[in-house]
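Have a look at the structure below before the remarks.
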Amino acid sequence: MATDTQHKKHDILAEGIGLYKHGDYPASLAFFLSLPEDSDADTNELAYYIGLCYAKLQRYEDALLYLEQVVTAGQNIDRVLQCRFLLAIIYAQSDRKKLADFELKKLLEAKYKPASVYSALAYTAWMQRDAEMSISYYKKALEFDPENATALNGFGYVLACENKDLTTALTYCKKALKKAPNSAACLDSVGWVYLKLGLLEDANKFLNLAKDIMPDNEEIKEHLRLAQVS
């Protein structure tokens, strides 16, 4: 049962937490950072929300500092696991694959969201140019959750890149897109598979939709360029 002191510490952060839950991450972050050091706010709770805000704002290096604090403190196991997962994603995206693998394997030991963790392991394997391991991890992810959009899309995309069973690749990618119709990644994957199949009209359609959502994404632009010169 929470003590009066714990409630008081939570109340200090209530305004910032409310802003975060409403998606106003800049305002939420500004609120948390403005709190004086002697505010009596729960330091672990504060680090958690500041880390989340930075992650939402894609200020990943700043996010790492605070998310790592939550993991090191180890006070709330659910939040520790959540922060480990965020750390793994940030590490993977910034080419720190060994650190990403370390965090993900810790999550597997804890049986935390295995489909998401195996999908993340598959992604890091793909970034390390290990297609077979990536495919193996995606299969594992889909064993735990056959409807996981990230795993479906990733598996289909890797199959297409490796020119393996393009019909199956298209099935997986379209299933993922059905679950996440506004996802640039899913639209790009469907377009990429159509390009691999030589269906250029369909390829251009989906790749242009992906570009409309993420106009600065280099991978999408490269796929679209290949579709237009084929």
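The values are calculated or read from the model by the stated rules, or taken from the named source; none is laboratory data. Given the structure is predicted, the values throughout are model-derived calculations rather than measurements. Positions of Cβ are backbone-derived with ideal geometry, glycine not excepted, and every protein chain shown enters the neighbour counts. Accessible surface areas use protein heavy atoms only, side chains included; no ligands, DNA or RNA. Shrake-Rupley method; radii C 1.70, N 1.55, O 1.52, S 1.80 Å.
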Residue list for segment 18-34, restricted to those being surrounded by fewer than 16 Cβ atoms within 10 Å (Cβ to Cβ) and closer than 17 Å to residue 66 by Cβ
26, 30, 33, 34
Show the residue pairs meeting these rules: Cβ distance below 7 Å; 6+ apart or different chains; first residue within segment 58-74 and surrounded by fewer than 20 Cβ atoms within 10 Å (Cβ to Cβ); second residue of a type in the set (Phe, Trp, Tyr).
62/54
Do the conditions hold for residue 90, that is, is it within 23 Å of residue 61 (Cβ to Cβ) and open to solvent by less than 50 Å² (accessible area, probe 1.4 Å)?
yes
Per the filter on segment 137-171, residues in contact with a Gly (Cβ under 8 Å, 6 or more places away or on another chain) and farther than 20 Å from residue 124 by Cα are 168, 170, 171
Subset of segment 146-185 [open to solvent by 70 Å² or more (accessible area, probe 1.4 Å) and either in contact with a Ser or Thr (Cβ under 7 Å, 6 or more places away or on another chain) or assigned to a helix (DSSP H, G or I) (or both)]
150, 167, 171, 174, 175, 178, 179
What are the residue pairs meeting all of these: first residue in segment 128-156, first residue over 15 Å from residue 186 (Cα atoms), second residue open to solvent by less than 80 Å² (accessible area, probe 1.4 Å) and outside any helix (DSSP H, G or I), Cβ atoms under 9 Å, and 6 or more apart or on different chains?
131/162; 131/164; 132/162; 135/162; 135/164; 141/148; 142/148
Take residue 219 and tell me if it is closer than 27 Å to residue 111 by Cα and among the charged types (D, E, K, R).
no
For residue 120, work out the one condition from (1) at pLDDT below 95; (2) surrounded by fewer than 18 Cβ atoms within 10 Å (Cβ to Cβ) it doesn't fulfil.
(2)
State all residues of segment 47-57 that are of a type in the set (A, V, I, L, M) and buried (at least 21 other Cβ atoms within 10 Å of the Cβ); if no residue qualifies, say none.
47, 50, 52, 55
Single unsatisfied condition, residue 194 versus (1) assigned to a loop (DSSP other than H, G, I, E, B); (2) of a type outside the set (A, V, I, L, M); (3) over 13 Å from residue 153 (Cα atoms):
(1)
Among the numbered conditions (1) crowded, with 21+ Cβ neighbours inside 10 Å; (2) more than 23 Å from residue 120 (Cβ to Cβ); (3) not acidic (Asp, Glu), tell me where residue 228 comes up short.
(1)
For segment 178-198, pairs from a residue that is within 13 Å of residue 160 (Cα to Cα) to a residue that is of a type in the set (Asp, Glu), with Cβ under 8 Å and 6 or more apart or across chains, are 188/219; 191/202; 194/202
Please name all residue pairs, on different chains or six or more residues apart, with Cβ atoms under 6 Å, provided the first residue is in segment 28-53 and is under 14 Å from residue 14 (Cα atoms) and touching a residue at least 12 places away in the same chain (Cβ under 8 Å) and the second residue is part of a helix (DSSP H, G or I) and among the charged types (D, E, K, R).
31/15; 41/9; 42/9; 48/79
With 97, 105 as the choices, which residue is of a type outside the set (Phe, Trp, Tyr), touching a helix residue (DSSP H, G or I) at 6+ places or on another chain (Cβ under 6 Å) and surrounded by fewer than 23 Cβ atoms within 10 Å (Cβ to Cβ)?
97
